[in-house]
Structures are given as structure tokens and as C-alpha cells.
Amino acid sequence: MKKIFALVIVMTLVIGSYKVFAAPLTSKKEEEKQTSDPLTYKQNEIDTKQSAVTDSRFIKEEEKKLLARLVHAEAKGEPFNGKVAVAAVVLNRVDHEQFPDSVKEVIYQRNAFEPVQNGSINKPASKEAVKAVEEALEEQGEQGTNEELLYFYNPDTATSDWIFSRDVVKTIGNHSFAI
């Protein structure tokens with residue numbers, strides 16, 4: 001009889017401790033608040049275009065090199081701030097909803113950049129182009145002067161009527177930068 005009584009007490013303690021320690025640590029009111037306040041308690045999906053996609057921490061080293069090669073091919077002979085603006089156009093496109101979500105995809109988007117079509121993107125980037133990419137990445141999170149630019153072209157050599165329909169925001173060297 002003592003053994004059965006001891007067994008019942010042990011079972012009661014084990015089951016009781018399970019209920020105490022396994023029970024949620026929130027009260028009913030807190031549970032109701034959690035289910036009614038999704039911004040505070042639920043993890044929401046964030047559209048990548050709303051996040052800092054072009055923050056330098058999120059850009060792979062290989063994409064920085066690719067961008068520097070594009071800047072070198074597109075803006076060789078242009079002033080340094082023109083090279084920065086060319087890099088900013090690519091970064092702005094990554095952030096823009098109408099363009100792909102990565103530097104590589106933007107650069108290799110069909111018919112987007114002539115150096116991809118003619119192969120000059122495969123030539124090594126200059127030190128100045130690498131520096132221009134770094135500066136464009138630093139400016140990206142700030143209220144920079146290049147934040148809205150989505151297009152650039154040389155008005156003397158451009159052949160597309162469509163590009164001339166874009167609103168030109170500024171001209172640097174031989175390039176017009178537009179939205």
C-alpha cells in the first residue's frame with residue numbers, strides 16, 4: 001500500500017510539474033494581444049524592394065567587381081562623378097520595382113547596357129571605377145544627389161528615340177542622366 005501511495009504521489013508531482021513548466025508563459029490577455037497585433041508579434045514578409053537591397057553589406061564582392069567593369073566600360077574618359085552616377089543608375093535599378101533584384105541581373109538584362117553586348121564588360125576595371133562603385137554604394141543609403149537616376153546615355157551617340165523621351169535630371173561629361 002505504501003508503494004502504491006508513493007507511486008501516486010510521484011505521478012502527481014511529475015504530471016503537475018509538466019503542466020506548470022510546459023504551460024505557456026503568457027496570460028490569456030497577452031495571447032489575445034499577440035493574435036490581434038500582427039505588427040508587434042508576428043513576423044511579416046518584407047518585399048526585397050522595400051529593404052536596403054543595395055546596401056554594401058548585401059552586395060557580393062563579385063557583383064561589385066562586375067559593376068566596376070561596367071562603370072569602366074561605360075564611363076571611361078568621363079569625370080569621376082560621372083562614373084559614380086553610372087554606378088548609381090545600376091544600384092537604383094536594383095531598388096526599383098520595374099527592374100531585376102540584383103546587380104548582376106540588372107547588368108545582364110537584355111539590351112540594357114552596350115558593354116554587355118559588345119563584350120567590353122569583360123575587360124578589367126580601373127582603380128577609379130572601383131572607387132566610384134564604392135562611393136556610389138556609400139551614397140546609396142544617404143539622401144544623395146543620384147538617388148532617382150534610372151537611365152543614362154550619350155546624346156551624341158544614342159540611337160533610340162525612346163531614351164530621348166526620358167526626363168533628363170542632369171548632365172555629367174558626355175552623359176545625360178534621366179528618370
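The values are calculated or read from the model by the stated rules, or taken from the named source; none is laboratory data. This is a predicted model, so every value here is computed, not measured. Cβ coordinates were reconstructed from backbone atoms using ideal geometry, including for glycine residues, and neighbour counts include every protein chain displayed. Note: areas computed on protein heavy atoms with side chains; ligands, DNA, RNA excluded. Shrake-Rupley method; radii C 1.70, N 1.55, O 1.52, S 1.80 Å.
Please work out which one of (1) of a type outside the set (Gly, Ala, Ser); (2) touching a residue at least 40 places away in the same chain (Cβ under 8 Å); (3) buried (at least 20 other Cβ atoms within 10 Å of the Cβ) is the condition Val106 fails and give its number.
Against the list (1) of a type outside the set (Gly, Ala, Ser); (2) touching a residue at least 40 places away in the same chain (Cβ under 8 Å); (3) buried (at least 20 other Cβ atoms within 10 Å of the Cβ), Val106 comes up short only on (2).
Restricting attention to segment 133-143, does a residue exist that is closer than 16 Å to Lys65 by Cβ, open to solvent by 90 Å² or more (accessible area, probe 1.4 Å) and at pLDDT 95 or above? Write out each step before concluding.
First, the residues of segment 133-143 that are closer than 16 Å to Lys65 by Cβ: 133-137.
Okay, now just the ones that are also open to solvent by 90 Å² or more (accessible area, probe 1.4 Å), so none.
Looking through segment 133-143, none of the residues is closer than 16 Å to Lys65 by Cβ, open to solvent by 90 Å² or more (accessible area, probe 1.4 Å) and at pLDDT 95 or above.
For segment 1-15, state whether one or more residues are part of a loop (DSSP other than H, G, I, E, B), at pLDDT below 65, of a type in the set (A, V, I, L, M, F, W, C) and open to solvent by 30 Å² or more (accessible area, probe 1.4 Å).
Among the residues of segment 1-15, not one is part of a loop (DSSP other than H, G, I, E, B), at pLDDT below 65, of a type in the set (A, V, I, L, M, F, W, C) and open to solvent by 30 Å² or more (accessible area, probe 1.4 Å), which makes the answer no.
Just to verify a result, which residue in segment 52-98, among those that are farther than 18 Å from Tyr151 by Cα and within 10 Å of the chain's Cα centre (by Cα), is modelled with the highest pLDDT?
Of everything passing the filter in segment 52-98, Ile59 is modelled with the highest pLDDT.
Being part of a helix (DSSP H, G or I) and touching a helix residue (DSSP H, G or I) at 6+ places or on another chain (Cβ under 8 Å) is the filter here, so list the residues in segment 106-125 that pass it.
The initial filter retains those residues of segment 106-125 that are part of a helix (DSSP H, G or I), namely 106-107, 114-118, 120-122.
Scanning segment 106-125 gives Val106, Ile107, Glu114, Pro115, Val116, Ser120, Ile121, Asn122.
Cβ-Cβ under 6 Å, sequence separation 6+ or interchain: first residue in segment 67-81 and of a type in the set (Lys, Arg), partner outside any loop (DSSP other than H, G, I, E, B). Which pairs?
Short answer, once both residue conditions are applied: Arg69/Ile121.
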